[in-house]
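Encoded as structure tokens, the structure appears first; notes follow it.
The values are calculated or read from the model by the stated rules, or taken from the named source; none is laboratory data. This one's a predicted model, so the numbers in the text were calculated from it and none came from an experiment. Virtual Cβ from ideal backbone geometry, glycine too; neighbours counted across all protein chains shown.
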Amino acid sequence: MEAVSRRARGMQWGIEMKITTLVENQSNCDLKPTHGLSLYIETKKHKLLFDLGPDRILFENARKKGIRLEEVDTVVISHGHMDHGGALGHFLEINHKAKIYVQRKAFDPHYSKFLCFSIPVGLDGKWKESGQVVLLDGDYTVDEELQLFVVPETGKCFSPANVKLFSKNGRDDFLHEHNLLISEKEKVLIMGCGHAGVVNILEKVKDEKPGYCIGGYHLMNPVLGKMVPETLLGDIAAELEKYPGMHFYTCHCTGKRAYEYLRSRVTDMNYLSCGETLTIGEA
């Protein structure tokens, strides 16, 4: 089956933004799925990778889509988990020009706890010494098109799927996670896992009025395959419905069951699987 190409609705401008999912848990085409995320994004100014996935599957899938990763000029690693940045070393082997934006704390040790075991899930710390890596300490503006921001306030609809995640100082506060706001004539919010909570992330940028919200919501425990309670999903759906006209595209750590629940209650909720391309703009 060929990968789906979707054209966004309601746009009236000439420059297209294209977002192609190169790494994701699900695939409906010949691209390989895996637990992780990588989005290839073409904007007016940039060829950008948002996250890199866990391993070399990124490069195999990019070749199948005809995407030349050596031409990427910007990389955003959303947070310090290997399913989002594990391929960093491999990327540096083939691309020697891209600036790679990542929070400094993303290179701290990170763990997932299961029973009495602490399982390392973090990035390889040696890559923070690369001259291409730009270490950040909070919100950062790349240029007039790209803004990165962290979300320290996580009080609304926080997912219990996060409670098994730890950093070197105890339970993870996710200050190593940043999100991307792309500003063209339409503003697009990109998240990795949305560990801080999609509701809290949207709250921080609501004055920017993004028209699209794309990324994972971390509503499933990947070890146990257990979805968060339906009461929480109902609360999240009610909060998302406060953004009329917004297009939601989720993926990765949301989980298919949680997605199906949200799709039944949120006006424009979609799933972006591996190999799909979302085109925002008018041809």
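Within the range 47-67, residues that are free of Cβ contacts under 8 Å to residues at least 40 places away in the same chain and crowded, with 20+ Cβ neighbours inside 10 Å sit with their Cβ atoms under 7 Å from residues that are aromatic (F, W, Y) and assigned to a helix (DSSP H, G or I), at 6+ positions apart or across chains, in these pairs: L52/F91. Filtering the range 226-283 to residues that are out of contact with any Ser or Thr (no Cβ under 8 Å at 6 or more places or on another chain) and hydroxyl-bearing (S, T, Y) leaves T231, Y243, Y249, T250, T254, Y261, S264, T267. Return the residues of the range 139-163 that are within 18 Å of F114 (Cα to Cα) and in contact with a strand residue (DSSP E or B) (Cβ under 6 Å, 6 or more places away or on another chain); say none if nothing qualifies. A161 - this is the single residue of the range 139-163 that is within 18 Å of F114 (Cα to Cα) and in contact with a strand residue (DSSP E or B) (Cβ under 6 Å, 6 or more places away or on another chain).
Among residues that are farther than 18 Å from M82 by Cα, within 17 Å of the chain's Cα centre (by Cα), among the small types (G, A, S) and buried (at least 17 other Cβ atoms within 10 Å of the Cβ), G211 is included.
Among the residues of the range 168-187, is any in a strand (DSSP E or B) and at pLDDT below 95? Steps first, please.
So in the range 168-187, the residues in a strand (DSSP E or B) come out as 170-171, 179-183, 187.
So of that shortlist, the ones also at pLDDT below 95 come out as 170-171.
Yes - at least one qualifying residue is present in the range 168-187.
Look at V151 and say whether it is surrounded by 12 or more Cβ atoms within 10 Å (Cβ to Cβ) and part of a strand (DSSP E or B). When the stated conditions are applied, V151 does not pass them. For the range 66-120, filtered to residues that are under 18 Å from N162 (Cβ atoms) and part of a loop (DSSP other than H, G, I, E, B), the residue that is nearest to the chain's Cα centre (by Cα) is S78.
Which is more than 23 Å from A238 (Cα to Cα), in contact with a Lys or Arg (Cβ under 6 Å, 6 or more places away or on another chain) and either surrounded by 15 or more Cβ atoms within 10 Å (Cβ to Cβ) or of a type outside the set (K, R) (or both), of D124, D108, D143, D173?
Working: D124 fails: in contact with a Lys or Arg (Cβ under 6 Å, 6 or more places away or on another chain); D143 fails: in contact with a Lys or Arg (Cβ under 6 Å, 6 or more places away or on another chain); D173 fails: in contact with a Lys or Arg (Cβ under 6 Å, 6 or more places away or on another chain).
Residue meeting the stated conditions: D108.
Among what's in the range 68-81 and is surrounded by 16 or more Cβ atoms within 10 Å (Cβ to Cβ) and not small (G, A, S), pick the residue that is nearest to A106 (Cα to Cα).
The initial filter retains those residues of the range 68-81 that are surrounded by 16 or more Cβ atoms within 10 Å (Cβ to Cβ), namely 69, 72, 74-81.
Restricting the remaining residues to those that are not small (G, A, S) gives 69, 72, 74-77, 79, 81.
Working: L69: 23, V72: 22, T74: 17, V75: 14, V76: 12, I77: 9, H79: 6, H81: 8 Å.
The residue in question is H79.
For the range 233-266, what are the residues that are polar (S, T, N, Q) and either modelled with pLDDT under 95 or within 18 Å of E203 (Cα to Cα) (or both)? T250 - this is the single residue of the range 233-266 that is polar (S, T, N, Q) and either modelled with pLDDT under 95 or within 18 Å of E203 (Cα to Cα) (or both). Scoring F166 on the criteria (1) of a type in the set (F, W, Y); (2) touching a strand residue (DSSP E or B) at 6+ places or on another chain (Cβ under 8 Å); (3) surrounded by fewer than 16 Cβ atoms within 10 Å (Cβ to Cβ) leaves a single failure, condition (3).
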